[in-house]
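The structure under discussion appears below in the form of structure tokens.
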Amino acid sequence: MEIVTGLLSSFGLSSAAGLNAYLPLLIVGLLQRFGVLHFPDSYALLSNTWVLLGIAAVGALDFVGDKIPGIDHALHIFGGIVNAAAGAILFASHSGLTHLSPSVSLLLGFAVAASVQMGRTALRPVSTAMTAGLGNPVVSAAEDGTSLGLTLSALFAPLLSGLLMLALLYLAWRVWQRRPGRGSPSAL
């Protein structure tokens, strides 16, 4: 059972990083710094004061910028690599629990976070088109809240994290199906 919960935790953290790279890194770093979590020594840098301050500062800029239509799209393009890298680090930080090699863990985390980030980047124009950009701050806040929920559930309730990830996949699929200009289902 430990392997399953370790995998769900790893997938949850990397999914959360796909939505917001900085929030899960900050939470994991703070929890490690205060002794709530214990990761391998190779991830001790996450709990360094200067690293935490840097993550918090850049995360705050990203938090504000992601609420501004136009800037949010630029951040999503730039965030593709940042979010994927954060997902790789977070997934691999749990590699001891999943019994996967670090390289496989890094690849899986990268792929999961990149997939979530690409989906988010593809779906944001739907919000922009449907609301003339006015809905983007709401969507961004929902992404941040979901990232927070996924992070905390991945760390403290991995089975719930798995259910949240399934719900997110379903929601993304439903939004994608309703996007403007999609055409009829028979056109697929």
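Please treat every number below as a calculation from the coordinates, not as lab data. Computed from a predicted structure; not experimentally measured. Every residue, glycine among them, receives a Cβ derived from its backbone with ideal geometry; neighbour counts consider all protein chains shown.
In table form, for the structure just shown:
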read-out	value
Helix axis angle, 71-93 relative to the chain longest principal axis, alpha carbon, degrees	30 degrees
Two-site label geometry, R33 and L53: point separation in nm, points 7 Å out along Cα→Cβ	1.0 nm
Rounded to 10°, Cα long-axis angle of helix 158-177 versus longest principal axis of the chain	20 degrees
Alpha carbon convex hull of region 1-65, volume per residue in cubic angstrom	82 Å³
Within the chain, helix-based [θ] at 222 nm, where runs of 4 or more DSSP H residues each add -39,500 (n - 2.57), nearest 500	-26000 deg cm²/dmol
At 1.002 mPa s and 20 °C, Stokes D of the chain from Kirkwood alpha-carbon radius, µm² per second	128 µm²/s
Helix 22-33 vs. the chain, principal-axis angle (Cα, 0 to 90°, nearest 10)	20 degrees
